(Lines give C-alpha, C1' and ligand atoms only; values in the text may rest on other atoms or scores of the structure.)
Protein backbone atom coordinates (compact mmCIF):
# COMPACT_ATOMS: atom_id res chain seq x y z
CA UNK A 1 0.00 0.00 0.00
CA UNK A 2 1.16 3.56 -0.70
CA UNK A 3 2.62 5.30 2.32
CA UNK A 4 0.35 8.33 2.21
CA UNK A 5 0.11 9.40 5.88
CA UNK A 6 -3.56 10.21 5.43
CA UNK A 7 -4.73 12.40 8.29
CA UNK A 8 -8.30 11.95 9.51
CA UNK A 9 -8.33 14.50 12.35
CA UNK A 10 -8.60 17.57 10.19
CA UNK A 11 -11.15 20.37 9.96
CA UNK A 12 -12.03 20.36 6.26
CA UNK A 13 -13.89 22.85 4.12
CA UNK A 14 -16.38 21.84 1.43
CA UNK A 15 -13.76 21.24 -1.27
CA UNK A 16 -11.39 19.37 1.02
CA UNK A 17 -14.14 16.93 1.96
CA UNK A 18 -14.42 15.87 -1.69
CA UNK A 19 -10.69 15.87 -2.32
CA UNK A 20 -9.91 13.73 0.72
CA UNK A 21 -12.77 11.31 0.01
CA UNK A 22 -11.43 10.42 -3.42
CA UNK A 23 -7.83 10.64 -2.24
CA UNK A 24 -8.50 7.98 0.40
CA UNK A 25 -10.20 5.79 -2.22
CA UNK A 26 -7.22 6.24 -4.53
CA UNK A 27 -4.69 5.27 -1.87
CA UNK A 28 -6.72 2.26 -0.72
CA UNK A 29 -8.35 1.23 -3.98
CA UNK A 30 -7.00 -2.34 -4.08
CA UNK A 31 -7.87 -3.15 -0.48
CA UNK A 32 -11.32 -1.58 -0.74
CA UNK A 33 -12.03 -3.46 -3.98
CA UNK A 34 -10.87 -6.82 -2.64
CA UNK A 35 -12.70 -6.34 0.66
CA UNK A 36 -15.96 -5.55 -1.13
CA UNK A 37 -15.54 -8.60 -3.36
CA UNK A 38 -14.82 -10.93 -0.44
CA UNK A 39 -17.23 -9.62 2.19
CA UNK A 40 -20.08 -7.76 0.47
CA UNK A 41 -20.53 -8.89 -3.13
CA UNK A 42 -21.86 -12.36 -2.11
CA UNK A 43 -24.80 -10.59 -0.44
CA UNK A 44 -25.21 -8.32 -3.48
CA UNK A 45 -25.38 -11.46 -5.63
CA UNK A 46 -28.30 -12.76 -3.56
CA UNK A 47 -29.89 -9.32 -3.72
CA UNK A 48 -29.58 -9.32 -7.51
CA UNK A 49 -31.17 -12.76 -7.80
CA UNK A 50 -34.09 -11.72 -5.61
CA UNK A 51 -34.48 -8.46 -7.54
CA UNK A 52 -34.46 -10.29 -10.86
CA UNK A 53 -37.16 -12.71 -9.70
CA UNK A 54 -39.26 -9.80 -8.42
CA UNK A 55 -38.94 -7.82 -11.68
CA UNK A 56 -39.81 -10.90 -13.74
CA UNK A 57 -42.88 -11.63 -11.62
CA UNK A 58 -43.95 -7.98 -11.74
CA UNK A 59 -43.81 -7.99 -15.56
CA UNK A 60 -45.58 -11.33 -15.70
CA UNK A 61 -48.36 -9.99 -13.47
CA UNK A 62 -49.06 -7.16 -15.93
CA UNK A 63 -49.53 -9.61 -18.78
CA UNK A 64 -51.91 -12.05 -17.05
CA UNK A 65 -54.86 -13.42 -18.95
CA UNK A 66 -58.28 -12.20 -17.73
CA UNK A 67 -59.10 -15.71 -16.58
CA UNK A 68 -56.00 -15.90 -14.40
CA UNK A 69 -55.98 -15.29 -10.69
CA UNK A 70 -54.31 -11.84 -10.28
CA UNK A 71 -54.21 -12.05 -6.48
CA UNK A 72 -52.02 -15.15 -6.50
CA UNK A 73 -49.61 -13.52 -8.92
CA UNK A 74 -49.54 -10.29 -6.89
CA UNK A 75 -48.89 -12.27 -3.72
CA UNK A 76 -45.87 -13.90 -5.37
CA UNK A 77 -44.56 -10.53 -6.54
CA UNK A 78 -45.02 -9.03 -3.07
CA UNK A 79 -43.14 -11.92 -1.47
CA UNK A 80 -40.27 -11.42 -3.92
CA UNK A 81 -40.26 -7.70 -3.18
CA UNK A 82 -39.96 -8.30 0.58
CA UNK A 83 -37.12 -10.79 0.07
CA UNK A 84 -35.39 -8.28 -2.20
CA UNK A 85 -35.74 -5.58 0.45
CA UNK A 86 -34.28 -7.90 3.10
CA UNK A 87 -31.22 -8.76 1.00
CA UNK A 88 -30.81 -5.07 0.10
CA UNK A 89 -30.71 -4.20 3.80
CA UNK A 90 -28.19 -6.98 4.47
CA UNK A 91 -25.96 -5.82 1.60
CA UNK A 92 -26.20 -2.23 2.80
CA UNK A 93 -25.34 -3.33 6.34
CA UNK A 94 -22.21 -5.21 5.35
CA UNK A 95 -21.12 -2.41 3.00
CA UNK A 96 -21.22 0.08 5.87
CA UNK A 97 -19.64 -2.37 8.30
CA UNK A 98 -16.75 -2.99 5.91
CA UNK A 99 -16.07 0.65 4.99
CA UNK A 100 -16.29 2.07 8.51
CA UNK A 101 -14.37 -0.77 10.13
CA UNK A 102 -11.71 -0.47 7.43
CA UNK A 103 -11.38 3.26 8.20
CA UNK A 104 -11.23 2.53 11.94
CA UNK A 105 -8.45 -0.05 11.57
CA UNK A 106 -6.61 2.10 9.03
CA UNK A 107 -6.67 5.05 11.42
CA UNK A 108 -5.40 2.90 14.29
CA UNK A 109 -2.58 1.45 12.17
CA UNK A 110 0.86 3.06 12.44
CA UNK A 111 1.99 2.08 8.92
CA UNK A 112 -1.33 2.43 7.03
CA UNK A 113 -1.55 -1.34 6.61
CA UNK A 114 -4.90 -3.06 7.12
CA UNK A 115 -5.39 -6.82 7.19
CA UNK A 116 -8.70 -7.71 5.54
CA UNK A 117 -9.10 -10.66 7.90
CA UNK A 118 -9.13 -8.21 10.80
CA UNK A 119 -11.77 -6.15 9.05
CA UNK A 120 -13.99 -9.20 8.58
CA UNK A 121 -13.74 -10.17 12.25
CA UNK A 122 -14.64 -6.67 13.39
CA UNK A 123 -17.46 -6.48 10.83
CA UNK A 124 -19.20 -9.49 12.31
CA UNK A 125 -19.30 -7.81 15.70
CA UNK A 126 -21.00 -4.62 14.53
CA UNK A 127 -23.20 -5.86 11.66
CA UNK A 128 -26.23 -6.74 13.86
CA UNK A 129 -26.09 -3.32 15.55
CA UNK A 130 -25.88 -1.56 12.16
CA UNK A 131 -28.80 -3.61 10.82
CA UNK A 132 -31.00 -2.71 13.79
CA UNK A 133 -29.88 0.93 13.69
CA UNK A 134 -30.89 1.26 10.03
CA UNK A 135 -34.42 0.11 10.82
CA UNK A 136 -34.71 2.64 13.66
CA UNK A 137 -33.22 5.44 11.54
CA UNK A 138 -35.52 4.58 8.65
CA UNK A 139 -38.56 4.54 10.91
CA UNK A 140 -37.74 7.91 12.51
CA UNK A 141 -36.91 9.52 9.18
CA UNK A 142 -40.12 8.08 7.73
CA UNK A 143 -42.14 9.69 10.51
CA UNK A 144 -40.53 13.01 9.65
CA UNK A 145 -41.50 12.63 6.00
CA UNK A 146 -45.06 11.63 6.91
CA UNK A 147 -45.68 14.74 9.01
CA UNK A 148 -43.74 17.19 6.84
CA UNK A 149 -41.13 16.86 4.09
CA UNK A 150 -38.62 19.31 5.61
CA UNK A 151 -38.35 17.57 9.03
CA UNK A 152 -37.81 14.28 7.22
CA UNK A 153 -34.93 15.71 5.19
CA UNK A 154 -33.44 17.36 8.28
CA UNK A 155 -33.53 14.11 10.28
CA UNK A 156 -32.17 12.04 7.40
CA UNK A 157 -29.08 14.28 7.12
CA UNK A 158 -28.50 14.26 10.89
CA UNK A 159 -28.94 10.50 11.09
CA UNK A 160 -26.29 9.96 8.39
CA UNK A 161 -23.74 10.31 11.22
CA UNK A 162 -25.34 7.74 13.54
CA UNK A 163 -23.50 4.67 12.20
CA UNK A 164 -20.05 6.37 12.20
CA UNK A 165 -20.64 7.51 15.78
CA UNK A 166 -21.53 3.93 16.78
CA UNK A 167 -18.45 2.50 15.03
CA UNK A 168 -15.82 5.11 15.84
CA UNK A 169 -16.97 6.12 19.34
CA UNK A 170 -18.46 2.83 20.49
CA UNK A 171 -21.71 4.55 21.48
CA UNK A 172 -25.05 2.82 21.84
CA UNK A 173 -27.81 3.60 19.36
CA UNK A 174 -29.57 5.97 21.76
CA UNK A 175 -26.31 7.79 22.51
CA UNK A 176 -25.51 8.06 18.80
CA UNK A 177 -28.97 9.45 18.03
CA UNK A 178 -28.37 12.16 20.62
CA UNK A 179 -24.77 12.88 19.58
CA UNK A 180 -25.51 13.29 15.88
CA UNK A 181 -27.55 16.46 16.49
CA UNK A 182 -24.85 18.18 18.52
CA UNK A 183 -22.17 17.10 16.06
CA UNK A 184 -24.00 18.49 13.04
CA UNK A 185 -25.10 21.70 14.76
CA UNK A 186 -24.17 24.78 12.66
CA UNK A 187 -22.97 22.43 9.90
CA UNK A 188 -26.25 21.06 8.56
CA UNK A 189 -26.18 22.91 5.23
CA UNK A 190 -22.58 21.96 4.52
CA UNK A 191 -23.38 18.34 5.35
CA UNK A 192 -26.53 18.44 3.21
CA UNK A 193 -24.65 19.87 0.21
CA UNK A 194 -21.75 17.46 0.57
CA UNK A 195 -23.94 14.36 0.84
CA UNK A 196 -26.21 15.57 -1.98
CA UNK A 197 -23.36 16.06 -4.45
CA UNK A 198 -21.64 12.85 -3.36
CA UNK A 199 -24.93 10.97 -3.72
CA UNK A 200 -25.43 12.39 -7.22
CA UNK A 201 -21.94 11.26 -8.24
CA UNK A 202 -22.47 7.75 -6.87
CA UNK A 203 -25.98 7.62 -8.36
CA UNK A 204 -24.73 8.59 -11.81
CA UNK A 205 -22.08 5.86 -11.66
CA UNK A 206 -24.66 3.35 -10.43
CA UNK A 207 -26.91 4.15 -13.36
CA UNK A 208 -24.27 2.81 -15.75
CA UNK A 209 -24.82 -0.64 -14.25
CA UNK A 210 -28.59 -0.17 -14.37
CA UNK A 211 -28.68 0.55 -18.11
CA UNK A 212 -28.95 -3.13 -19.19
CA UNK A 213 -31.91 -3.68 -16.83
CA UNK A 214 -33.62 -0.49 -18.01
CA UNK A 215 -33.22 -1.39 -21.69
CA UNK A 216 -34.39 -4.96 -21.15
CA UNK A 217 -37.47 -3.96 -19.17
CA UNK A 218 -38.33 -1.33 -21.78
CA UNK A 219 -38.11 -3.89 -24.58
CA UNK A 220 -40.18 -6.43 -22.62
CA UNK A 221 -42.80 -3.80 -21.82
CA UNK A 222 -42.96 -2.66 -25.45
CA UNK A 223 -43.41 -6.25 -26.63
CA UNK A 224 -46.20 -6.74 -24.09
CA UNK A 225 -48.05 -3.62 -25.33
CA UNK A 226 -47.71 -4.69 -28.95
CA UNK A 227 -48.58 -8.36 -28.53
CA UNK A 228 -50.56 -8.47 -25.30
CA UNK A 229 -48.19 -11.01 -23.75
CA UNK A 230 -44.95 -10.74 -21.84
CA UNK A 231 -41.71 -11.90 -23.46
CA UNK A 232 -39.71 -11.49 -20.26
CA UNK A 233 -37.12 -14.14 -19.49
CA UNK A 234 -36.49 -14.92 -15.84
CA UNK A 235 -32.84 -15.80 -16.53
CA UNK A 236 -32.15 -12.49 -18.28
CA UNK A 237 -34.01 -10.55 -15.59
CA UNK A 238 -31.84 -12.17 -12.91
CA UNK A 239 -28.61 -11.63 -14.91
CA UNK A 240 -29.22 -7.92 -15.48
CA UNK A 241 -30.40 -7.44 -11.90
CA UNK A 242 -27.20 -9.04 -10.59
CA UNK A 243 -25.16 -6.57 -12.66
CA UNK A 244 -27.28 -3.72 -11.29
CA UNK A 245 -26.96 -4.86 -7.65
CA UNK A 246 -23.21 -5.48 -7.83
CA UNK A 247 -22.58 -2.11 -9.49
CA UNK A 248 -24.64 -0.31 -6.86
CA UNK A 249 -22.76 -2.19 -4.14
CA UNK A 250 -19.36 -1.02 -5.38
CA UNK A 251 -20.54 2.58 -5.76
CA UNK A 252 -21.79 2.66 -2.16
CA UNK A 253 -18.16 2.88 -1.09
CA UNK A 254 -17.99 6.51 -2.26
CA UNK A 255 -20.70 8.04 0.00
CA UNK A 256 -19.75 5.82 2.95
CA UNK A 257 -16.11 6.95 2.86
CA UNK A 258 -17.31 10.52 2.41
CA UNK A 259 -19.47 10.22 5.54
CA UNK A 260 -16.48 8.82 7.44
CA UNK A 261 -14.29 11.74 6.35
CA UNK A 262 -17.11 14.16 7.24
CA UNK A 263 -17.47 12.64 10.71
CA UNK A 264 -13.80 13.18 11.60
CA UNK A 265 -13.90 16.70 10.19
CA UNK A 266 -16.88 17.62 12.38
CA UNK A 267 -15.31 16.02 15.44
CA UNK A 268 -12.12 17.99 14.88
CA UNK A 269 -14.12 21.19 14.49
CA UNK A 270 -16.11 20.61 17.68
CA UNK A 271 -13.57 18.93 19.95
CA UNK A 272 -10.09 19.53 18.44
CA UNK A 273 -8.71 16.06 19.33
CA UNK A 274 -5.69 16.48 17.03
CA UNK A 275 -4.76 19.79 18.65
CA UNK A 276 -5.16 18.37 22.15
CA UNK A 277 -2.97 15.41 21.21
CA UNK A 278 -0.25 17.75 19.95
CA UNK A 279 -0.41 19.83 23.13
CA UNK A 280 -0.13 16.68 25.27
CA UNK A 281 2.84 15.58 23.21
CA UNK A 282 4.56 18.95 23.66
CA UNK A 283 3.88 18.85 27.42
CA UNK A 284 5.30 15.34 27.69
CA UNK A 285 8.45 16.30 25.82
CA UNK A 286 9.04 19.25 28.12
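Key figures
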| quantity | calculated |
| --- | --- |
| Condition broken by residue 200, with the remaining ones in (1) touching a helix residue (DSSP H, G or I) at 6+ places or on another chain (Cβ under 9 Å); (2) modelled with pLDDT of 90 or more satisfied | (1) |
| Test: residue 182 is farther than 21 Å from residue 92 by Cβ, exposed (fewer than 14 other Cβ atoms within 10 Å of the Cβ) and touching a residue at least 24 places away in the same chain (Cβ under 8 Å) | yes |
| Residue satisfying all of: in region 109-148; outside any helix (DSSP H, G or I) and touching a residue at least 60 places away in the same chain (Cβ under 8 Å); farthest from residue 26 (Cα to Cα) among these | 111 |
| Close pairs (7 angstrom Cβ cut-off, 6 or more residues apart or separate chains): over 21 Å from residue 112 (Cα atoms) in region 5-19, surrounded by fewer than 14 Cβ atoms within 10 Å (Cβ to Cβ) anywhere | 14/193 |
| Some residue of region 148-169 being under 17 Å from residue 100 (Cβ atoms) and surrounded by fewer than 16 Cβ atoms within 10 Å (Cβ to Cβ) | yes |
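The values are calculated or read from the model by the stated rules, or taken from the named source; none is laboratory data. Computed from a predicted structure; not experimentally measured. A quick note on method: Cβ atoms are made from the backbone with ideal geometry, for glycine too, and the neighbour counts reach across all protein chains shown.
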